[in-house]
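The values are calculated or read from the model by the stated rules, or taken from the named source; none is laboratory data. On a predicted model such as this, the values are computed, not experimentally measured, just so you know. Quick reminder, even Gly has a Cβ in these numbers, built from the backbone with ideal geometry, and neighbours come from all protein chains shown. Accessible surface is based on the protein model in full, side chains and every heavy atom, while ligands, DNA and RNA are left aside. Shrake-Rupley method; radii C 1.70, N 1.55, O 1.52, S 1.80 Å.
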Amino acid sequence: MCRKLGLIIFVAIAVSVALVVLPWVATFYNAPLSTTPADWGVFGDYFGGVLSTLVSIFGFVALLVTIKIQRDVMNMQMDALKAQWKSIEQDKETRDDEVYSRQSLECFDEAFSKLLIPEDGSLCRSREAWLESARLILTAKNLSARITSESVSETYKAAEKVLRSRFSTLLNPDNNPDTIKSTYFYVMDWDRWVKNRRQQPIDITSVFVIYRFASWQPDEPDELDEIRDEVDPLLINRKYFGARQYVKSRALDNH
């Protein structure tokens, strides 16, 4: 950079001197050198006047170039600061999203545990437990709605599906046949009645919130739909003969 700048200055000086000397030489090249001081004074005035004008022009141009360079440098610095600030903001958003994700999943996990009877891990039929579970699910949903990072969001969705699967398994009528009847949610527990501890029906809103979370919604995309056209029984190992034959027969039926 310094060598380039020095070369530019040298060329500017050489051009300036040439612009001053060449016209004089072209005009008076046949004239002998004068021995009169006044003539040299005139030459000095000419040389100084023209050269100073050229130097002023070059100086003005250099000033403009300097201003432009400084402006470009300032713009580069501003862009760097903006990029750095944006990176800091993105890091902060990612950290916040990770906190939202972790707290949301913890709420879902706690909501699931509220529905379990500690002694045997079966479904609890307690109005208070269902209310607390539903509130935790709604809190988890509100926290997850704040996630903006795409990477954190994808990771969160995968973890949420695992928790939804646990809810779905717990609420499955195959595992809890009593829930297939609507009376399950407001039937009287006579043991509690005898002890003068009347059981209240399970809150309808809490039932809706919990079962909605455990249910696959119609507008939700199904990952299996994306690979249904790729089903190939040959990709299943021969030792899984039954599954391989089943997939093969069903694939032929679908085509």
(request) Can you spot the lysines whose alpha carbon is less than 19 Å from Lys68's alpha carbon? Ignore those fewer than 8 places along the same chain. (result) Lys4
(message) If each residue of separation counts as 0.36 nm, what is the full-extension length gain between Val99 and Arg71 once their alpha-carbon separation is subtracted?
(response) 5.9 nm
(message) With a 1.4 Å probe and all protein chains kept in place, how do Leu235, Leu138 rank by accessible area, largest first?
(response) Leu235, Leu138
(message) Multiplying the sequence separation of Phe58 and Ser165 by 0.36 nm and subtracting their Cα-Cα distance, what value in nm do you get?
(response) 30.8 nm
(request) Order the peptides 168-178, 61-71 from the highest to the lowest mean number of other Cβ atoms within 10 Å of their residues. (result) 168-178, 61-71
(request) Sorted from largest down, give the three principal axis spans of the alpha carbons of segment 110-178, whole angstrom values. (result) 41, 24, 18
(request) Determine the per residue accessible area of segment 73-122 with all protein chains present and a 1.4 angstrom probe, expressed in square angstrom. (result) 74
